[in-house]
């Protein structure tokens, strides 16, 4: 539903993007605007922050142990076409991880109800 005066979701054409780009080319922002932009970026403590390798490894380990047990998870059964064995997964994401594929590939193969 469109709302009057709202451009949410509007896609500019390539020609329009080029015109906008050319119109802004060479114009400099005044110091007040530049200070406002700078101060708004400094609010976040992570702007310009780089994690150490040790921290990245810790975060990666934590993320790999994370259990996604969302109530909307769809259980998935996968049948091996060669052996006929059926393996059950709690979610599409879990099945995709085990099968080394993306979730969309699995979601596309689930029959619609």
Quick one: what pairs do we get from the range 11-24, first residue modelled with pLDDT of 90 or more, second assigned to a helix (DSSP H, G or I) and surrounded by 10 or more Cβ atoms within 10 Å (Cβ to Cβ), C-beta under 8 Å, 6+ apart or different chains? 12/20
Would you check which residues across the range 96-107 are under 14 Å from residue 78 (Cβ atoms) and either in contact (Cβ under 8 Å) with a residue 40 or more places away in the chain or part of a helix (DSSP H, G or I) (or both) and list them? 96, 97, 98, 99, 103, 105, 106, 107
Please indicate, with yes or no, whether at least one residue in the range 64-81 is out of contact with any helix residue (DSSP H, G or I) (no Cβ under 6 Å at 6 or more places or on another chain), in a helix (DSSP H, G or I) and either in contact (Cβ under 8 Å) with a residue 12 or more places away in the chain or surrounded by fewer than 11 Cβ atoms within 10 Å (Cβ to Cβ) (or both). yes
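Could you identify the single residue in 50, 56 that is part of a loop (DSSP other than H, G, I, E, B), more than 30 Å from residue 112 (Cα to Cα) and within 24 Å of the chain's Cα centre (by Cα)? Walk me through how you get there before you give the answer.
On the way: 56 fails: part of a loop (DSSP other than H, G, I, E, B).
So the residue among 50, 56 that is part of a loop (DSSP other than H, G, I, E, B), more than 30 Å from residue 112 (Cα to Cα) and within 24 Å of the chain's Cα centre (by Cα) is 50.
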Since residue 51 meets every condition but one in (1) at positive phi; (2) touching a helix residue (DSSP H, G or I) at 6+ places or on another chain (Cβ under 9 Å); (3) at pLDDT 85 or above, which condition does it not meet? (1)
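The values are calculated or read from the model by the stated rules, or taken from the named source; none is laboratory data. Predicted, not measured: the structure shown is a model, and the values here were computed from it. Cβ atoms come from the backbone with ideal geometry, glycine included; neighbour counts cover every protein chain shown.
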